[in-house]
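In what follows, a structure is listed as structure tokens, so that the remarks can point back to it.
The values are calculated or read from the model by the stated rules, or taken from the named source; none is laboratory data. Keep in mind the model is a prediction, meaning the values are calculated, not measured. Here Cβ is always computed from backbone atoms with ideal geometry, including for glycine, and neighbour counts include all displayed protein chains. What goes into the accessible areas is simple: the full protein's heavy atoms, side chains included, and nothing from ligands, DNA or RNA. Shrake-Rupley method; radii C 1.70, N 1.55, O 1.52, S 1.80 Å.
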Amino acid sequence: MDMVNLICSKRDGRELTAAEIDWVINAYVAGTVADEQVAALLMAVFWRGLSVAELSRWTAAIIASGERMDLSGLSRPTVDKHSTGGVGDKVSLILAPLVAACGAAVPQLSGRGLGHTGGTLDKLEAIPGWRSELSNSEMLAQLEEIGCVICAAGAGLAPADRKLYALRDVTGTVESIPLIAGSIMSKKIAEGTQSLVLDVKVGSGAFMADRDRATELARTMVRLGRDHGLKVTALLSTMDTPLGRAVGNALEVAEAVEVLSGRDDSPDLVELTLALAREMLELAGIQADPSVALRNGSALERYRAMVVAQGGDPDATLPRAAHIELVTADQTGIVGRLDARAVGVAAWRLGAGRARKEDAVSASAGVVCRIKPGEKVTEGQALLELHTDQSERLDWAREALKDAIAIGDQPPAPTSVVLEVIS
Ligand code: URA
């Protein structure tokens, strides 16, 4: 193969052949084609896109670069969820044990956060003793016994994606719908789940602020999954304001446990979790009402078992920040807006997130939203709590929140968290 020729083909809008796609992915993993040439190809894909056939083969080649897990020996149907990421999105912590309590096996191979959205592993690592690294046999045993596992994806799963994603990150080629779809779906298909529900977020705090692009991404991923034999449904959900009330690792674990304990101070979080659970159970062919498992304690019991199985102590006191300051209302009225991105950036500046993959995160840092859009407030009332271990970060976080909250005399138009189901 001639790499320059291949780049020029895509640059000029010609469809790549299956053999060309297989070759370039294999050669990149093997290190026999240079970063700059693959970067040029990625940029050509960014502008020209990939056809349905090209994307299917691209994804297959990424999957074939590593192992594909076999979960077929489990006695329960397998179903997973993937979220494109949002602010305060602790759904996985509630959803995996909830769906397990209803009879499915949920193999959640998760990642860490980068930028203003948090990662599920970072959140669970706030629990003393909890470990994210499991061997394949530990994961299978836990899935059979408890029905859910949330752990780090092993290095053997879709290694080509890891390399391609790192290159996209530094070459301005992340925001390409086929490249995002191939990246996400290759990992989910390699994980071996039979079915998958996607939570594609739209709004200021989401990866995609534009609804049309989010819909296109959802449709592309649903089709790609089906081409590879998975049952897939996507939910489009709003991410204009943080999900629930807590943003930050330990703070989100605490809120997830509150919801699992039946305390319902986070109606948007409960609504989205139940909507996702219903879709997951339908794909898994299980007839059960997940709201019952949330109320009767069985989901909480699975959560506790999952944490214990991974070395964590579900009764341990969670880390608490050394400094907690309040953001107060400068007028009386109704909260019309609480911007998700601004709150996410503030939590990140307080220490909850990382700027580079190798950075450590603070377990205790973050923001608690004491109010949500639509609620009445009086001048001087506390709106947000800022939690951090490093007081010098507080001014920086306040700056991110400068225009985050709008208070007026009209409530915002009522919206549902779930905007659309794409199946
Ligand atoms: N998440 C992924 O795993 N891949 C992308 O390309 C974007 C988000």
Query raised in the report: Sequence-distant or interchain residues sharing an amide H contact under 5 Å with Gly336, placed H: which?
Result: Gly374, Ala406, Ile407, Gly408
Query raised in the report: Which Cα, out of Ala18, Phe46, Met3, lies furthest along the positive dipole direction of the range 3-49 (beta carbon charges, K/R +1, D/E -1)?
Result: Phe46
Query raised in the report: Each residue of the range 404-419 in turn: what ³J(HN,Hα) in whole Hz from Karplus with 6.51, -1.76, 1.60 and θ = phi - 60°, glycine and Pro shown as x?
Result: 7, 10, 10, 10, x, 10, 10, x, x, 4, x, 10, 8, 5, 8, 8
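Averaging sequence separations of C-alpha pairs under 8 Å and six or more residues apart, then dividing by the length of the range 259-403, give the relative contact order as a whole percent. Don't jump to the answer; show the numbers that get you there.
Numbers: 194 pairs, mean separation 35.9, N = 145.
RCO, the range 259-403: 25 percent.
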Query - For the chain, diffusion coefficient by Stokes-Einstein and Kirkwood Rh (Cα), 20 °C, 1.002 mPa s, µm²/s - result: 97 µm²/s
Query - Alpha-carbon centroid distance for the pair the range 355-419 / the range 246-267, whole angstrom - result: 16 Å
Report summary line: In order over the range 349-366: 3J(HN,Hα) from phi, Karplus 6.51/-1.76/1.60, θ = phi - 60°, whole Hz, x for each Gly or Pro, gives 5, 6, x, 6, x, 10, 8, 10, 3, 7, 5, 8, 10, 8, 6, 8, 6, x
Query raised in the report: So what's the angle, to the nearest 10 degrees on a 0 to 90 scale, between helix 177-191 and the longest Cα principal axis of the chain?
Result: 90 degrees
Requested in this report: With the full set of protein chains in place, find how many percent of the accessible area of the range 303-347 is carbon and sulfur; take the probe as 1.4 Å.
Outcome: 48 percent
Query raised in the report: Once the Cα atoms of helix 91-101 and of the chain are each reduced to a long axis, what angle between those two axes, in degrees from 0 to 90 to the nearest 10, is obtained?
Result: 80 degrees
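For the range 202-273, with all protein chains present and a 1.4 Å probe, just round the carbon and sulfur fraction of the accessible area to a whole percent. Provide the component values of the computation, followed by the final result.
Details: 1220 of 2540 Å².
Percent of accessible area from carbon and sulfur atoms in the range 202-273: 48.
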Report task. Please list Arg278, Arg302 in order of solvent-accessible area, largest first, computed with a 1.4 Å probe with all protein chains present. Result -> Arg278, Arg302
Requested in this report: Using +1 at the Cβ of each Lys and Arg and -1 at the Cβ of each Asp and Glu in the chain, identify which of Thr388, Ala329, Thr84 lies farthest towards the dipole's positive end.
Outcome: Thr84
Query - Ordering of 327-339, 362-374 by packing [mean C-beta count within 10 Å, highest first] - result: 362-374, 327-339
Requested in this report: Starting from the residue with the highest accessible area, list Trp348, Trp396, Trp47, Trp58 in decreasing order, probe 1.4 Å.
Outcome: Trp47, Trp396, Trp348, Trp58
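Per residue, how large is the accessible surface of the range 79-145? Use a 1.4 angstrom probe and give square angstrom.
Working: 1800 Å² over 67 residues.
Value returned for the range 79-145: 27 Å² of accessible area per residue.
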**Report entry** Val149 long-range amide H proximity, modeled H, under 5 Å
**Finding:** Val106, Gln108
**Report entry** the range 1-154: relative contact order in percent, alpha carbon pairs under 8 Å with at least 6 residues between
**Finding:** 19 percent
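I'd like to check one number: the per residue accessible area of the range 323-408, probe 1.4 Å, reported in Å² as a whole number.
On a per-residue basis, the range 323-408 sits at 47 Å².
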**Report entry** Cα→Cβ-extended label distance, 7 Å offset, between Thr332 and Gln37, nm
**Finding:** 7.1 nm
Query raised in the report: Tally Lys/Arg at +1 and Asp/Glu at -1 over every other residue whose Cβ is under 14 Å from the Cβ of Glu145; what's the total?
Result: 0
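Which of the pairs Lys163/Lys231; Lys123/Lys188; Lys123/Lys231; Lys231/Lys372; Lys123/Lys402 have their Cα atoms more than 24 Å apart in this structure? Display every interim value, and only then the final one.
Numbers: Lys163/Lys231 27 Å; Lys123/Lys188 21 Å; Lys123/Lys231 28 Å; Lys231/Lys372 35 Å; Lys123/Lys402 26 Å.
Over 24 Å apart, Cα to Cα: Lys163/Lys231; Lys123/Lys231; Lys231/Lys372; Lys123/Lys402.
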Requested in this report: Starting at the first residue of the range 169-175, write each ³J(HN,Hα) from the Karplus equation 6.51 cos²θ - 1.76 cosθ + 1.60 with θ = phi - 60°, in whole Hz, x for Gly and Pro.
Outcome: 4, 9, 10, x, 10, 6, 7
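Calculate, for the range 162-214, the solvent-accessible area per residue in square angstrom, rolling a 1.4 angstrom probe over the heavy atoms of the protein chains.
Details: 1670 Å² over 53 residues.
Value returned for the range 162-214: 32 Å² of accessible area per residue.
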Query raised in the report: Any idea which of Leu124, Pro159, Leu98 is furthest toward the positive side of the dipole for the range 82-241, if Lys and Arg beta-carbons carry +1 and Asp and Glu beta-carbons -1?
Result: Pro159
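Suppose a student asked you for the relative contact order of the chain, using Cα pairs under 8 Å spaced at least 6 residues apart; what percent would you report? Please list the in-between numbers first.
Working: 923 pairs, mean separation 84.1, N = 423.
Relative CO of the chain lands at 20 percent.
Taking all protein chains in place and a 1.4 Å probe, what share, in percent, of the accessible surface of the range 3-49 do carbon and sulfur account for? Let's see the in-between values first.
Values: 1270 of 2350 Å².
Here it works out to 54 percent.
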